[in-house]
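The values are calculated or read from the model by the stated rules, or taken from the named source; none is laboratory data. Because the structure is predicted, anything quoted here is derived from the model rather than measured. Cβ atoms come from the backbone with ideal geometry, glycine included; neighbour counts cover every protein chain shown. When the accessible area is computed, the model is the full protein with side chains, heavy atoms only, and any ligands, DNA or RNA have been set aside. Shrake-Rupley method; radii C 1.70, N 1.55, O 1.52, S 1.80 Å.
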Amino acid sequence: MIAALLAAVVAVSSPLPAAAPDGEVSFTSHGVTLRGTVVAPRGGGPAPGIVMVHGSGEHDRDDYRAEAESFAKAGIATLIYDKRTEGYSLFERDYSVLADDALAAVQALRSHPGVDPARVGVWGLSEGGWVAPLAASKSKDVAFAVTVGANGVSPDRQQAWALETYLRRGGVTGSMVDMVSSTNMRTLAGAGAFPEAGYDPVPVLEKVRQPVLGLWGELDRLTPPGEAVRIFRETLDRAGNRQYTLKVFPQAQHGLRRTTDGFDKLDGFAPGYLDLVANWVNGAKNGPSADPPPVQASQSAALAPLAWYEEPWMQIGVWALALLAFTAYPVTALFRRRKEVPLAGPARWLASAGLLGTAGFLVYYVALSMGAAMAPGPVLFGRTLPWLALQLIAVGVVAAGVVTAVSWWRKKERGGVRVGLLLAGTVLFVPWAVHWGLLVP
């Protein structure tokens, strides 16, 4: 304990070395050559090293240069590299492959001049908070693991919580929240369009024997931070790893930037963050130590598996058949020679509302998937204006369907197959609209 405290004092009080000129490196993982930069301190003995593991999405080495230069000034050699693009996209990724990329980077940094190979570890932000512990669990060459904004829950559960948090912050309530954060996420996972959706970080944390430094922002709105702190502490304790420090920074967001509410990102990092990492890596690995979990406005929830009728192919099939049924009425009218159109009024209303409801939902769903959920726009009665319009249209489909059915029943000799198709489309539309929340408050 005394030695660790002395190391911390030395790290803080010693003159900070200047950063050395950048060193370009390359390494290969799973047949892909990755390139990076070693930002190292100038002079002194062999330095400890950090490999910085990316968050989700496209990233290059410069995204983490500010941290790397700060760590270099504190006497730590830091490897930042360009994230792979081959085998990584919105619909394709493998955390084991990303962990192997990080391990290849660790080997490159361990062999770099001026680096102490026995003191090279990994640092992971957000998605990297899943990947960095996985890399540490796979190799004893990793000396430690630092995570920033890491999750203790699976990606689909985390994403559902984040979407709900953003929507409720924008004043959205009710069925749209459930559709975006639950029905949508479960469908994407069931369709295989959400890679690594069910990845469980707990079994991996149980295998990590190296020292762990876990860092979170008190106002993190992307990761449920209270749950993460608790899960990290309980898992590491259960596994017998007592070399951990879990720290929560006040007025800090997901990436430990300063913030007022967790949604904005101000200039500068949370006070003490960079110094804590530097001191910890340089030797002050006291533990176990954990801050109290921060308060969350809501708890995340595990997403239920899809029932048979919720399967993506079933939902797409019902939607397509309903759209076809609503389309058939106006299309066939173009080829009819009779001047008199059966049940013209209610049938036309039903066809029009059905087309607007089915096609409009698809357009809005795509818009939400491309990021509109994070900027919901004007909200009225707890609903975004497009969602409110779609719900009113859905009610209109039901009303027009009832009127059309009653009229058809009274005039059985009129309408025939065309009206029958319209009503069949309505029968398909109703349970589909309930499932997606269009007919739910």
Worksheet entry | Gain upon complete extension [Gln243, Leu324; 0.36 nm per residue less C-alpha separation] | 23.0 nm
Worksheet item: What whole-number value in Å² describes the accessible area per residue of the chain for a 1.4 Å probe?
Response: 45
Practice prompt. Starting from the Cα of Asp264, step 7 Å along the direction of its Cβ; do the same at Ile316; then give the gap between the two resulting points in nm.
Written response: 4.3
Discussion item. Quick check: net charge around Asp94, other residues with Cβ under 14 Å of its Cβ, Lys/Arg +1 and Asp/Glu -1?
Written reply: -2
Worksheet entry | Heavy-atom accessible surface of segment 29-121: percent carbon and sulfur, 1.4 Å | 49
Practice prompt. May I ask for the equivalent-ellipsoid semi-axes of segment 225-333, computed as the square root of five times each C-alpha gyration tensor eigenvalue and listed largest first in whole Å?
Written response: 49, 21, 12
Worksheet item: Quick one: helix 385-410 against the long Cα principal axis of the chain, what's the angle to the nearest 10°, folded into 0 to 90?
Response: 30
Practice prompt. Using the charge dipole of the chain (Lys, Arg: +1 at Cβ; Asp, Glu: -1 at Cβ; taken about the Cα centre), state which of Val417, Trp308, Ala400 has its Cα farthest towards the positive end.
Written response: Val417
Worksheet item: Using a basic spin-label model with each label point 7 Å from the Cα along Cα→Cβ, how many nm lie between Val434 and Gln251?
Response: 5.1
Item to complete: Work out the P(r) tail for segment 272-338: percent of alpha carbon pairs separated by more than 18 Å, whole number.
Response: 73
Discussion item. Using only Cα atoms and rounding to the nearest 10 degrees, what angle (0 to 90) does helix 416-435 make with the longest principal axis of the chain?
Written reply: 30
Practice prompt. With +1 on each Lys and Arg Cβ and -1 on each Asp and Glu Cβ, and nothing else charged, work out how big the dipole of segment 70-137 is about its Cα centre, in Debye to the nearest 20.
Written response: 320
Item to complete: Once you have a ≥ b ≥ c as the square roots of the Cα gyration tensor eigenvalues for segment 166-210, tell me rounded if a/c is under 1.5, and otherwise prolate or oblate according to whether a/b is larger than b/c.
Response: oblate
Worksheet entry | Segment Met374-Val406, length gained on full extension (0.36 nm per residue, minus Cα span) | 7.2 nm
Worksheet item: At each listed q (0.15 Å⁻¹), what is the log10 of I(q)/I(0) that the Debye formula gives for segment 99-254 modelled as equal alpha-carbon point scatterers?
Response: -0.82
Worksheet, complete the sentence: Note to self, the chain gives a 222 nm [θ] from helices alone (DSSP H runs n ≥ 4, -39500 (n - 2.57) apiece, / all residues, nearest 500) of -14500 deg cm²/dmol
Worksheet entry | Simple Cβ-charge dipole of the chain, Lys/Arg +1 and Asp/Glu -1, about Cα centre, in debye nearest 20 | 1660
Item to complete: Report, in degrees rounded to the nearest 10, the 0 to 90 angle that the Cα long axis of helix 312-333 makes with the longest principal axis of the chain.
Response: 40
Response to the item:
The local net charge around Ala118, scoring Lys/Arg +1 and Asp/Glu -1 for residues other than Ala118 whose Cβ lies under 11 Å from its Cβ, equals +1
Discussion item. How big is the dipole moment of segment 198-297 about its Cα centre under a simple scheme where the beta carbon of each Lys and Arg is +1, that of each Asp and Glu is -1, and everything else is neutral? Debye, nearest 20, please.
Written reply: 320
Worksheet item: What is the ratio of the Cα radius of gyration of the chain to 2.2 N^0.38 Å, where N is its residue count, to two decimals?
Response: 1.25
Worksheet, complete the sentence: For Phe144, the net charge from surrounding residues (Cβ-Cβ under 10 Å; K, R +1; D, E -1) works out to +2
